Amino acid sequence: MAARFNLESLPSWRIVAIHVILMTAAILAIAPFVYAFLTSIKPSPEILGAPLQPITPNPTIEHYITFWTEHPFDRWVLNSLILTTGAVFASLLLDSLAGFALAKGEFRGRYGIFLLVIGTFIIPPQAIMVPLFVQMGWIGWQNTYWGIMILIISAPFGVFLMRQFYLSISDSYLEAARMAGANTFQIYFKIILPMGKSALAALAIFKFIFMWGAFLWPLIIVDSGAMFPIPVGLGLFEGQYGDTPWGQVLAASLLTAAPVLVAYILAQEAFMKGIALQGGVKG
Amino acid sequence: MTAAVLVAAYLLSLGEQGHNEPILGGVITFTAVGLGLIWISYVNREFTGMSKVRILGFMMLVMAVVSYLWPHRPWPTAV
Amino acid sequence: MLAELQANIKTIHARIDDTSWDAFTNPDSELAWYVLVGPKLFLFLTIFVFPFFFAIWMSIHEWHMLAAEHQFLGLDNYTRMLVDSRFIDSFVNTVIYTLGLTLSVPIALFLAILINKNIRGSAFYSAAIFVPVVISWVVVSLIWMWIYNPDIGMLNALLEAVGLPTSQWTRGVRTALPSLIIIGIWKTVGFNLVIFLAGLRGLPESYYEAATVAGANSWQKFRYITMPLLKPTTFFVVLVVLITAFREFTPMFVITDGGPVTATHTIVYYFYIVGFERGQMGYASAMAVVLLIVVFVISIIQQRTWGQDVDY
């Protein structure tokens, strides 16, 4: 690794100071989640009465159970799973197809299409949500999974990323495949797709987090509780009460965060790469 | 052509709330993704790691069944 | 008869080979590439490009969600924004929020430099600081809503325990926006940190060795080597922070509902209220166009002033 400093060059008091600063930052980053968890297993009176007491003497999972039985949380989870699966798969397919064509194809209008990709980066999705909502009404896609997914699938970022990646693949592979008589689709499925595994994995994580956490667009396009993805269900659930049931709110939040957290703990490096992708490619 | 558009429009309307007591949108999505993954793993079977893709594909098919059989519950209506 | 049929089939096969499949097997053919790029191009055009112009079209009309007729208004929707005090509040709040969030950039740079010293546990520290980035905004908002709660929240309890004055946090007119800015910084630092780390690790070590030989102290090294070399990375991080912060919606919707009064109205929040709760889609589109222009201008200014040597 370039530009890393040697341990020997730092006096020990500075190492201690660095540890203290970084430890503080790390604790500040994680503490809200840990504390939310510890609170979510407290009985209600303790949540209201003793917010600071870290560990409750009588832990309970009543908030999780009440929340799950009183709200169709399982359905929201299923909705989110459907949306995430569909959006991630469709984006990977379309982005890698288009990225491949823009990187290796020779056809008229290639540069123009690439400029279009760069140009759509500038458009904030929020700015087109009103017309898109009207358009979805035209084709009857309000209140459908497809209506929610399509905005995430259409985002230009993946094309850009996959194009950058495929530019680094040597043309000799493609020429060899052409010699063997493979057509463009065979080259895509048998060479380009498997070679792009790492970039596809990073893009998949990126899209997964994006779709799993999407809030504004699903809130706009869906108006029935049966179609809510988790974030919308959660966000609106909290506002239903005059007196917020904090135990349930925190329990539900943690249930929502849990799959992402577990995935993150299992594959930290991939997650950081996936999210920081935007930085790596200077989109 | 028109017929194809009509069929496509019908299939896609299945994901709509109202048509979705067994969540047909979910069934369509999971089936499509599952078959897609299995096909990709079949085409590229000589590569390593493709068995994982195939397992994932079959899991998606299982999810399609699961979402078809998802229990009916009274859902809260518009908020 | 049979021979004729077979001959026919042969010609048909030949024709299929010639026409449709030849396009895909022949490397010089363009058709296959168009088929590959086609679906995505179609989505770009229908989901981004068309709505972009459609938004401008809607913004010059009186466009109610349920109305069948849309009356032409010219620039009325835009002039209306200038006299709509709620919109002006939203705009000012958005600018304050956005500028507030840029504080996450120096914090992240500082932490990145410390982590890059590669002491034991660096990987753990960066992984921990990154956690808030991974968790969705709704979850983060709900948890912080509880932390900030003036009556039963942990923050006030903590302040009370150490004898500091408590606050209304998100429920106070003057404290609401700063409270949201703190959440925003907390959630953004990890993202900036990872990008800075990537930037730092790409710096050539020889520069630092030369500086050490020349007797430079660590501040001088930072000032004369790290900072100039990290300029493109910093430029990028600031750009991303500005653009994402400018269109923030979830915390304002979930935690404060834009309130108290209009203290945490932001452009996208007010845009949502006008467009989808009141159904005045023409006016909302005008706001969307303003949002678009601002985001565009930020990109241009950044590129002109900082980004001369940034390559895309």
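Laboratory data are not the source of any read-out in this text; all were calculated from the coordinates shown. Since the model is a prediction, treat every value here as computed from it, not as a measurement. Don't worry about glycine lacking a Cβ; one is built from the backbone with ideal geometry, like all the others, and counts go over all protein chains shown.
Working from Cα pairs under 8 Å separated by at least six residues, relative contact order for chain A is 29 percent.
Let me make sure I get this right: for chain C, a, b and c are the square roots of the gyration tensor eigenvalues over alpha carbons, sorted descending. Under 1.5 in a/c it's rounded, otherwise prolate if a/b > b/c, else oblate. Which is it? Oblate shape, in that a/c is at least 1.5 and b/c is the bigger or equal ratio. To the nearest ten degrees, helix C:85-101 and the longest principal axis of the Cα atoms of chain C are 80 degrees apart.
Taking each residue as 0.36 nm, the span from residue C:299 to residue C:96 lengthens on full extension beyond its C-alpha to C-alpha distance by 71.3 nm. By the helix-only formula, in which each DSSP H run with n ≥ 4 contributes -39500 (n - 2.57) and the sum is divided by residues, chain C has a 222 nm mean residue ellipticity of -20000 deg cm²/dmol. Take the alpha carbon gyration tensor of chain A, find the square roots of its eigenvalues, order them as a ≥ b ≥ c, and report rounded if a/c is under 1.5; if not, report prolate when a/b exceeds b/c, else oblate. Oblate. Note on residue C:40: lysines with a C-alpha under 29 Å away, same-chain residues under 8 apart excluded, are A:104, A:190, A:197, A:207, A:273, A:282, B:52.
Within chain A, the whole DSSP H helices whose Cα atoms reach 27 Å or more along their own axis and whose mean Kyte-Doolittle score is at least 1.6 are A:12-40, A:246-266.
Between residue A:195 and residue A:12, what is the spin-label point distance in nm, taking each point 7 Å from the Cα along the Cα→C-beta axis? Each label point is offset 7 Å from its Cα along the Cβ direction, giving 5.3 nm. Specify whether the C-alpha gyration tensor of segment A:196-271 places it in the rounded, prolate or oblate class, a ≥ b ≥ c being the square roots of the eigenvalues: rounded for a/c under 1.5, otherwise prolate if a/b is larger than b/c and oblate if not. Cα axes put segment A:196-271 in the oblate bin. A helix-only calculation puts chain A at -22500 deg cm²/dmol for mean residue ellipticity at 222 nm, using -39500 (n - 2.57) for each DSSP H run of at least four residues, averaged over all residues.
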